[in-house]
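The values are calculated or read from the model by the stated rules, or taken from the named source; none is laboratory data. Bear in mind that the values here come from a model prediction, so they are computed numbers and not experimental data. Heads up, the Cβs are rebuilt from the backbone with ideal geometry, glycines too, and the neighbour counts pull from every protein chain shown.
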Amino acid sequence: MRTTGWVAAVGAVAALLLAVVPVVGGAEAPVDRPAPAWTRCPGPDVPDGMQCASIEVPVDWSRPTGRRIALPLARLPGTDPDRRIGVVFAVPGGPGVSGIDDMKRSSATLMALRERFDVVTFAPRNARTALAPVCSEFGPVQVPPADQDEFDAQAAGNRAALQRCRDADPELFDHLDSASVARDVDAVRAALGESRLSLMASSYGGVPAAAYARLFPARVRAAFLDGVIPHVAAAELDRIGYRTVEENFDRFADWCAGDRACALHGEDVSGVWLALVEVADRGPVPVPGAGPEAAFSGFDLKLHAGVMLNSGQWGRFAESVAAARRGDASGFATLLPLPKQPMFPFGSAVHCQDGLGYPDHAEYLRAEERAVALSPHFAGLGHALHLPCSGWTGPVADPPAPLPGDDLPPLLGAGSWGDGVLTEAAAGQVPGSVVVRYEGPGHVLYQSGNACVIEHADRYLVELRLPPVGTRCHPAG
């Protein structure tokens with residue numbers, strides 16, 4: 001499950017106690033780190049030359065001599081050892097995604113980069129496959145609560161689902177936060193014998209990359225941020241995210257006004273959408289042939305519409321809206337695996353420990369007021385990211401915090417219509433950074449094979465040379 005910008009982050013996944021767990025400082029903990037023993041990766045669909053290994057890391061980095069877990073690694077070795085610069089470490093998104101799976105799918109995009117670097121990645125400690133199966137079971141469906149009682153009831157259900165996941169391995173569950181992942185990355189760096197890393201962070205991987213930059217700024221040679229989520233407070237994340245989805249709606253409306261192929265051409269698309277959401281909130285729009293649990297509320301429509309707009313499916317969105325106002329929400333029902341937004345314990349555990357939740361009903365109400373002011377068409381969409389952490393009673397181990405901008409090299413980011421503003425918010429914390437904007441839909445552009453973005457990223461990672469401010473990439477043709 002990869003987070004596709006703020007919109008799809010709230011469409012694909014997801015603290016009563018706001019205490020912060022003390023963490024070890026930037027100095028290395030006394031943990032033995034033997035060099036990885038690289039061998040050919042097992043299984044099918046392994047790219048030529050891809051190697052796998054593992055190292056052991058402490059479950060709890062404040063107790064470095066305590067229980068350890070194996071951290072699976074993969075690398076594509078550099079192809080020109082005489083010109084080798086070092087290691088590019090790829091931090092995967094999700095949370096829950098394995099960077100090893102990403103590397104298998106995207107190895108072809110890394111060929112030029114490998115002329116100067118070994119490319120290394122891992123399956124992080126909070127990868128879905130690293131946790132018990134119960135952690136992948138659906139939790140309660142998330143709905144915007146009407147009052148304190150509904151908030152408390154949903155929080156209790158979320159808490160129970162998280163507890164079932166925790167019961168499988170309490171010690172590991174309590175250390176799934178992105179700061180622990182960042183410390184794992186640094187353990188890999190040490191095991192590889194590198195003094196610094198060049199980071200390549202994708203989507204939610206921007207959060208552990210930010211933790212790494214805060215903990216170990218002197219060990220960051222460069223960092224390329226590809227459609228990342230900035231690790232900022234909920235109010236700031238809402239401000240950026242709602243701006244993104246509103247801009248995407250405006251793009252759709254402009255297209256619809258000028259293209260007769262749009263099913264809503266000639267109509268006030270803003271008014272049509274707002275009326276549909278209002279109707280759906282009074283009585284969910286059914287999906288013929290499906291049960292009442294599949295009917296779409298206004299919140300459900302926003303969830304699916306956000307993904308359509310983020311991915312540039314304007315024609316499909318217009319047709320789905322036209323059908324839904326006739327009482328048939330089937331066009332929305334085929335987009336995502338589920339019509340509703342359940343919480344996923346494996347993802348929520350990370351989000352909650354990273355501070356992406358509403359600690360109480362009062363904070364939820366403040367977020368609702370903020371949403372109404374920020375987003376006339378999609379107010380409340382951000383709740384899908386934050387509500388799964390209602391009921392969280394554990395600590396916030398990796399709370400949002402600024403990057404140490406003066407201690408880091410300038411960063412390069414890349415982002416599309418759906419995540420460019422988010423990436424700018426992350427990279428913009430470091431003076432001199434630049435974000436290349438792709439004028440189209442998409443997410444994780446490097447892995448997707450976007451040649452323009454790959455060219456800028458490779459030049460930056462190799463030469464530490466940034467493109468000019470305002471650089472744009474455009475769809476081919």
- Query: Of all the residues that make up the range 448-477, how many are closer than 18 Å to ILE85 by Cα, out of contact with any helix residue (DSSP H, G or I) (no Cβ under 8 Å at 6 or more places or on another chain) and not in a helix (DSSP H, G or I)?
  - Reply: 1
- Message: Looking at the range 207-240 only, could you name the residues that are under 15 Å from GLY405 (Cα atoms) and either part of a helix (DSSP H, G or I) or touching a Cys at 6+ places or on another chain (Cβ under 9 Å) (or both)?
- Response: ALA209, ALA210, ALA211, TYR212, ALA213, ARG214, LEU215, PRO217, ALA218, ARG219
- Query: Regarding ALA182, is this residue of a type in the set (Gly, Ala, Ser) and under 20 Å from the mean Cα position of the chain (by Cα)?
  - Reply: yes
- Message: Looking at the range 66-89, can you tell me whether even one residue there is touching a Cys at 6+ places or on another chain (Cβ under 9 Å) and assigned to a loop (DSSP other than H, G, I, E, B)?
- Response: no
- Item | Sole exception among (1) at pLDDT 95 or above; (2) out of contact with any Phe, Trp or Tyr (no Cβ under 8 Å at 6 or more places or on another chain) for SER448, by number | (1)
- If you go through the range 312-324 one residue at a time, do you hit one that is within 20 Å of the chain's Cα centre (by Cα) and under 18 Å from PHE249 (Cβ atoms)? yes
- Item | Hits in the range 208-221 - residues which are closer than 21 Å to ALA74 by Cβ and buried (at least 24 other Cβ atoms within 10 Å of the Cβ) | PRO208, ALA209, TYR212
- Query: Mind checking which residues of the range 410-421 are out of contact with any His (no Cβ under 9 Å at 6 or more places or on another chain) and in a loop (DSSP other than H, G, I, E, B)?
  - Reply: PRO410, LEU411, TRP417
- Failed condition for THR121, given (1) touching a strand residue (DSSP E or B) at 6+ places or on another chain (Cβ under 8 Å); (2) among the polar types (S, T, N, Q); (3) over 24 Å from GLY206 (Cα atoms): (3)
- Neighbours by Cβ (under 8 Å, 6+ apart or cross-chain): first from the range 354-368, more than 26 Å from VAL181 (Cβ to Cβ); second among the acidic types (Asp, Glu): HIS361/ASP152; ALA367/ASP238
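Would you mind finding the one in GLY432, GLY413 that is within 25 Å of LEU464 (Cβ to Cβ) and either modelled with pLDDT under 95 or touching a Pro at 6+ places or on another chain (Cβ under 7 Å) (or both)?
Working: GLY413 fails: either modelled with pLDDT under 95 or touching a Pro at 6+ places or on another chain (Cβ under 7 Å) (or both).
After applying the criteria, what remains is GLY432.
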- Just one of the numbered conditions (1) surrounded by 24 or more Cβ atoms within 10 Å (Cβ to Cβ); (2) of a type in the set (A, V, I, L, M); (3) in contact with a Leu (Cβ under 9 Å, 6 or more places away or on another chain); (4) in a loop (DSSP other than H, G, I, E, B) is not true of VAL430; which one? (1)
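Applying the selection to the range 57-88, what residues are of a type in the set (Asp, Glu) and surrounded by 15 or more Cβ atoms within 10 Å (Cβ to Cβ)?
Within the range 57-88, the subset of a type in the set (Asp, Glu) is 60, 80, 82.
ASP60 - this is the single residue of the range 57-88 that is of a type in the set (Asp, Glu) and surrounded by 15 or more Cβ atoms within 10 Å (Cβ to Cβ).
Residue-wise test of (1) within 30 Å of ALA367 (Cβ to Cβ); (2) within 23 Å of the chain's Cα centre (by Cα).
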position	(1), (2)
VAL88	no, yes
LEU110	no, yes
VAL143	yes, yes
ASP147	yes, no
PHE151	yes, no
GLU171	no, no
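Is it the case that the range 241-259 has a residue that's in a loop (DSSP other than H, G, I, E, B), surrounded by fewer than 17 Cβ atoms within 10 Å (Cβ to Cβ) and not hydroxyl-bearing (Ser, Thr, Tyr)? Break it down stepwise before answering.
So in the range 241-259, the residues in a loop (DSSP other than H, G, I, E, B) come out as 259.
Now narrow it down to the ones that are surrounded by fewer than 17 Cβ atoms within 10 Å (Cβ to Cβ): 259.
Those still in the list that are not hydroxyl-bearing (Ser, Thr, Tyr) too: 259.
Within the range 241-259, one or more residues are in a loop (DSSP other than H, G, I, E, B), surrounded by fewer than 17 Cβ atoms within 10 Å (Cβ to Cβ) and not hydroxyl-bearing (Ser, Thr, Tyr).
Only one of VAL269, VAL277 is closer than 28 Å to ALA146 by Cβ, in contact with a helix residue (DSSP H, G or I) (Cβ under 7 Å, 6 or more places away or on another chain) and crowded, with 17+ Cβ neighbours inside 10 Å. Can you tell me which? Can you show your working first?
On the way: VAL269 fails: closer than 28 Å to ALA146 by Cβ.
The match here is VAL277.
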- Message: Quick check on my filter: what residues within the range 95-120 are under 21 Å from HIS351 (Cβ atoms), outside any helix (DSSP H, G or I) and either in contact with a Gly (Cβ under 7 Å, 6 or more places away or on another chain) or among the acidic types (Asp, Glu) (or both)?
- Response: PRO95, GLY96
- Note on the structure: Every listed condition ((1) modelled with pLDDT of 95 or more; (2) in a helix (DSSP H, G or I); (3) under 28 Å from ALA153 (Cβ atoms)) holds for GLU424 save (3)
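Can you tell me which residue among ALA349, ALA373, ALA362 is hydrophobic (A, V, I, L, M, F, W, C), in a helix (DSSP H, G or I), over 20 Å from the mean Cα position of the chain (by Cα) and farther than 21 Å from VAL245 by Cβ? Give the steps one after another, and end with the answer.
Values: ALA349 fails: over 20 Å from the mean Cα position of the chain (by Cα); ALA373 fails: farther than 21 Å from VAL245 by Cβ.
After applying the criteria, what remains is ALA362.
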